[in-house]
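Chemist: Pasting in a structure now, in C-alpha cells, and then I'll have a few things to ask.
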Amino acid sequence: MEAFRLSREKFAHILSGKGAAIKGARWNSIGVELIYTAANRSLAMAEVAVHLTLATLPIDFVMITLFIPDDILIQKLDQSDLPKDWNTFPHAATTQNIGDKFVAENKFCILQMPSAVTQGDYNLLINPNHRDFSRIKIETIEKFPFDRRIFK
C-alpha cells in the first residue's frame, strides 16, 4: 500500500512524529508523536492547503510517497466510531484522546481515519513507536508546486 505526505523539503527525508508532537494536532496531543499521511495525493494536498494562504505559501513543498507493507496491521475507524465533534475546527480534545490512546496502546502501526477536510477520503496516521514502523519506507520525494489558483 502507498501513503502520501506533503512536507517542506527540509523535513522530507526523515519520517518522524516530532513535528506533530510539538504543537499537537487533530489526532494527537502535545508530546505525542504521530505521522500524518493520506491515502492519496490530492488529500495530502488538501490537508495542507486548508492551513495556508497565497501569502503564506512556501515554494519548497515536496510530495513523499511511502511504501507500507500489506501485512502491517491497520486499525480502521469510520465516522460512526467518532465523537460528534470529530471534524470541527478548531479540533476538540476528544479527537486528540483517540490518537493518544492509539499510540499508547501500540497494538497497530497505522490508524485509518476519515478526513475532516475531504469527505469520503482517509488519512493514515502512523505510530513511529510501533515495532513495524521500521518497515515503512520512503519510495519517492518529488517537488510539489501548488497550483496558485487553489488560493484564489
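Just so it is clear, none of the values below were taken in a lab; they were calculated from the coordinates. Quick caveat: nothing in here was measured; it's all calculated off a predicted structure. Note that each Cβ is placed from the backbone with ideal geometry, even for glycine, and that neighbours are counted across all protein chains shown.
Chemist: Between residue 129 and residue 76, what FRET efficiency comes out of the Förster formula 1/(1 + (r/R0)^6) with R0 = 25 Å and r the beta carbon distance, rounded to 0.05?
Modeler: With a Förster radius of 25 Å, E is 0.80.
Chemist: So how do 1, 45 line up by other beta-carbon neighbours within 10 Å, fewest first?
Modeler: Ordered by Cβ neighbours within 10 Å, fewest first: 1, 45.
Chemist: Pull up the DSSP beta bridges for the stretch 2-151 and report the antiparallel fraction as a percent, rounded to 5.
Modeler: Close to 90 percent.
Chemist: What residue among 126, 72, 12 has its Cα farthest toward the positive end of the dipole of the chain, where the charges are +1 on Lys, Arg and -1 on Asp, Glu, each on the Cβ?
Modeler: 12
Chemist: If you don't mind, another one. Quick check for me: using +1 on Lys/Arg Cβ and -1 on Asp/Glu Cβ, what's the dipole size of the chain about its Cα centre, in debye to the nearest 20?
Modeler: 420
Chemist: Here is a further query. Each label point is 7 Å from the Cα along the Cα-to-Cβ direction; what then is the distance between the points at residue 16 and residue 93, in nm?
Modeler: So the two model labels end up 2.9 nm from each other.
Chemist: With labels modelled as points extended 7 Å from the Cα through the Cβ direction, what inter-label distance (nm, one decimal) is found for residue 138 paired with residue 60?
Modeler: Output for this residue pair reads 1.3 nm.
Chemist: Could you work out how far apart the two model spin labels at residue 23 and residue 149 are, taking each label as a point 7 Å from the Cα in the direction of the beta carbon, and quote it in nm?
Modeler: 2.9
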